[in-house]
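See below for the structure under consideration.
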Amino acid sequence: MDKPALLFVCLGNICRSPLAEAAFREAATKAGLDAKADSAGTGDWHVGNPPDRRAQAEALRHGIDISSYRARQVSPDDFRRFTHIYALDSNNLTNLRALAPADGTAKLALLLDEVPGMAGRSVADPYFGDDAGFADTWREVSLAAEALVRELRG
Ligand code: 4NP
């Protein structure tokens, strides 16, 4: 089987999906799981920018430096290059479905569908809120990361 390749997608790729990518990388490394991870946004406003400083600070609180991450926009080719694409919220899931090419092979799902008891829920957008929102984001993406690693290890 191909090595798992996971893409996490939110709107701007500067708040939620970089934190999801970081949490997953950390959980996979700790578990010795060989997997590829990346993140992207459905929007293009922040392409080329590092994560929001509040997202960087939240990751650093957990010992992870995400300052080198750069935002990019999701592309049709992502549906062929990744085995799994996880939308951080339902709006982005809808937009991803519309973008998926006919020959796309990636399994597309809502991230919190992976977490027992949280199916159907979206990771709230913390961009327009205060710093506390980023701690909530971290908690949710960490739960998802742990669940994904458990699932992928089989
Ligand atoms: P993200 O947050 O989708 O979690 O990266 C946002 C970042 C920027 C904007 C919206 C959400 N924006 O409107 O610029």
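The values are calculated or read from the model by the stated rules, or taken from the named source; none is laboratory data. What you see is a predicted model; the values in this text were computed from it and never measured. Counting neighbours? That spans all protein chains shown, and the Cβs are built from the backbone with ideal geometry, glycine included. Please note that ligands, DNA and RNA were not included when accessible areas were found on the heavy atoms of the full protein model with its side chains. Shrake-Rupley method; radii C 1.70, N 1.55, O 1.52, S 1.80 Å.
Here the gap between Arg80 and Ala102, fully extended at 0.36 nm per residue and compared with their Cα-Cα distance, gives a gain of 6.9 nm.
In a reduced charge model with +1 at each Lys and Arg Cβ and -1 at each Asp and Glu Cβ, region 27-100 shows a dipole moment near 80 debye about its Cα centre. Accessible area per residue for region 5-153 is 47 Å², calculated with a 1.4 Å probe on protein heavy atoms, without ligands, DNA or RNA. Simple rule: put +1 on each Lys or Arg Cβ and -1 on each Asp or Glu Cβ in the chain, find the dipole, and look at Pro116, Pro51, Ala37; the Cα lying farthest toward the positive end is Ala37.
Here the ratio of the Cα radius of gyration of the chain to 2.2 N^0.38 Å is 0.94. Solvent-accessible area of region 23-154 (1.4 angstrom probe, protein heavy atoms only): carbon and sulfur portion equals 49 percent.
Over the chain, what is the percentage of antiparallel beta bridges among all DSSP beta bridges, to the nearest 5? Antiparallel bridges make up about 0 percent of those DSSP assigns within the chain. Taking all protein chains as shown and a probe of 1.4 angstrom, Arg121 keeps an accessible surface of around 110 Å². With every protein chain in place and a 1.4 angstrom probe, the accessible-area ranking of Leu110, Leu143, largest first, reads Leu143, Leu110.
Per-residue SASA remark: Ile14, around 10 Å² accessible (1.4 Å probe; ligands, DNA and RNA not included). Computed about the Cα centre, the dipole magnitude for the chain is approximately 280 debye when only Lys and Arg (+1) and Asp and Glu (-1) carry charge, each at its Cβ.
For Lys107, the lysines whose Cα comes closer than 16 Å to its Cα, not counting residues fewer than 8 places off in the same chain, are Lys3, Lys36. Under a 5 Å amide H cut-off, with hydrogens placed 1.01 Å from N, Leu108 pairs with Ile85 among residues at least 5 apart or on other chains.
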